[in-house]
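Engineer: This structure is in structure tokens; I'll ask about it shortly.
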Amino acid sequence: IQHPDFDGNDCHHTNYLSTLQKGKAAWWMMARIRGWQPNAQSLNIKAYLQGSYTPSGMMTTLNSQGLLPLSQPFNFPPINYNGTESVSSIPNTNVVDWILIELRDAADAQSATGNTVVERKAAFILNNGQIVDLDGTSFVPFTQTINQQLFLVLRHRSHLGIMSSFPLSANNNIYQYDFTSGIGKAFGGVNSQKQLNPGIWGMIGGDGYLDGVINNVDKTLIWKPDSGEKGYNPGDFNLNGNINNQDKNLLWITNFGKVSYIP
């Protein structure tokens, strides 16, 4: 039985309005199956990794050499993230590496400590610094309701983690933050990131042990055992797939003594 509003033979057995409604319903169904959520919140984030940075964009050597894992690589101490993010293939040639996003709900940056974490999610970072969802292009969605203010933490397997100095604000449910654009964008200011070019800042490389400090532990327990190897290893501070003196001399030595300022 068809509602009278849809009577007609514009499209053989029904009218144009009915056809339009069916098209909308089919689109909605397929989008929901794909994972889209109506009125979902998402993150538009930008950051740079010192290890792979060049003025023309971060190097994608790990990707081009087929070394990037297909599942999130943060399920080890001290991060211990047990997320199930995985892909059947790396979505595009612009992917540099995996990165872990952590959302904190707090009144201010000083109080955004570990016990304020409300969600964690693994994503990809592209050569232009954009952090994207597993399809390689979309903003990263999140589901938690923020009751106070949203602060953002980024973690990488060989760089010091950073947290936003300022709470993220939303426009049409999209929360935007650019860590690269200023000295004070990461909590801790000039000590939290490295100036890569005039006015451009990035996460500090060399923390392969991921304890928030670049010291002898990163050399003796991480870089030295990996030295001479090729692959996706934590001692590869410059993210080119080869662990050698370049990682030690260009990143570990120059950043020795640097610490993470995540509360």
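The values are calculated or read from the model by the stated rules, or taken from the named source; none is laboratory data. Computed from a predicted structure; not experimentally measured. With ideal geometry, Cβ positions are generated from the backbone for all residues, glycine too; neighbour counts draw on all protein chains shown. Accessible surface is based on the protein model in full, side chains and every heavy atom, while ligands, DNA and RNA are left aside. Shrake-Rupley method; radii C 1.70, N 1.55, O 1.52, S 1.80 Å.
Engineer: Does VAL95 satisfy being under 12 Å from the mean Cα position of the chain (by Cα) and either open to solvent by 20 Å² or more (accessible area, probe 1.4 Å) or among the β-branched types (Val, Ile, Thr) (or both)? Before the answer, list the steps.
Structural biologist: Values: under 12 Å from the mean Cα position of the chain (by Cα): yes; either open to solvent by 20 Å² or more (accessible area, probe 1.4 Å) or among the β-branched types (Val, Ile, Thr) (or both): yes.
It is true that VAL95 is under 12 Å from the mean Cα position of the chain (by Cα) and either open to solvent by 20 Å² or more (accessible area, probe 1.4 Å) or among the β-branched types (Val, Ile, Thr) (or both).
Engineer: Let me ask you something else. Take the conditions open to solvent by less than 40 Å² (accessible area, probe 1.4 Å) and in contact with a strand residue (DSSP E or B) (Cβ under 9 Å, 6 or more places away or on another chain) and apply them to TYR261. Does it pass? Outline the logic, then answer.
Structural biologist: Working: open to solvent by less than 40 Å² (accessible area, probe 1.4 Å): no; in contact with a strand residue (DSSP E or B) (Cβ under 9 Å, 6 or more places away or on another chain): yes.
No; evaluated as a whole, the condition is false for this residue.
Engineer: Sticking with this one: With the condition kept exactly as written, say whether any residue in the stretch 36-47 is at pLDDT below 90, of a type in the set (A, V, I, L, M), assigned to a loop (DSSP other than H, G, I, E, B) and more than 30 Å from PRO198 (Cα to Cα). Explain how you work it out, then say what you get.
Structural biologist: Our first condition is that a residue be at pLDDT below 90; within the stretch 36-47, this holds for 36-40.
Still in the list and also of a type in the set (A, V, I, L, M): 40.
Now narrow it down to the ones that are assigned to a loop (DSSP other than H, G, I, E, B): 40.
Going one step further and asking which of them are more than 30 Å from PRO198 (Cα to Cα), we end up with 40.
Scanning the stretch 36-47, I find at least one residue that is at pLDDT below 90, of a type in the set (A, V, I, L, M), assigned to a loop (DSSP other than H, G, I, E, B) and more than 30 Å from PRO198 (Cα to Cα), so the answer is yes.
Engineer: Can we say ASN15 is without any contact (Cβ under 8 Å) to a residue 40 or more places away in the chain, surrounded by 14 or more Cβ atoms within 10 Å (Cβ to Cβ), over 30 Å from SER169 (Cβ atoms) and within 16 Å of the chain's Cα centre (by Cα)? Can you show your working first?
Structural biologist: Details: without any contact (Cβ under 8 Å) to a residue 40 or more places away in the chain: yes; surrounded by 14 or more Cβ atoms within 10 Å (Cβ to Cβ): yes; over 30 Å from SER169 (Cβ atoms): yes; within 16 Å of the chain's Cα centre (by Cα): no.
The answer is no for ASN15.
Engineer: Answer yes if at least one residue in the stretch 33-47 is open to solvent by 30 Å² or more (accessible area, probe 1.4 Å), among the charged types (D, E, K, R) and more than 22 Å from ASP211 (Cα to Cα), and no otherwise.
Structural biologist: Initial filter on the stretch 33-47 (open to solvent by 30 Å² or more (accessible area, probe 1.4 Å)): 33-41, 46.
Going one step further and asking which of them are among the charged types (D, E, K, R), we end up with 34, 46.
In the following step, the residues that additionally are more than 22 Å from ASP211 (Cα to Cα) were identified as 34, 46.
Checked the stretch 33-47: at least one residue is open to solvent by 30 Å² or more (accessible area, probe 1.4 Å), among the charged types (D, E, K, R) and more than 22 Å from ASP211 (Cα to Cα).
So that you can scan it fast, the table gives a plain yes or no per residue for (1) among the aliphatic types (A, V, I, L, M); (2) in contact (Cβ under 8 Å) with a residue 60 or more places away in the chain; (3) buried (at least 20 other Cβ atoms within 10 Å of the Cβ); (4) under 25 Å from TRP201 (Cα atoms):
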| position | (1), (2), (3), (4) |
| --- | --- |
| LEU49 | yes, yes, yes, yes |
| PRO55 | no, yes, no, yes |
| GLY66 | no, no, no, no |
| VAL87 | yes, no, no, no |
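Engineer: Only one of (1) modelled with pLDDT of 95 or more; (2) among the hydroxyl-bearing types (Ser, Thr, Tyr); (3) within 24 Å of ARG34 (Cα to Cα); (4) in contact with a strand residue (DSSP E or B) (Cβ under 9 Å, 6 or more places away or on another chain) is not met by THR93, so which one is it?
Structural biologist: (4)
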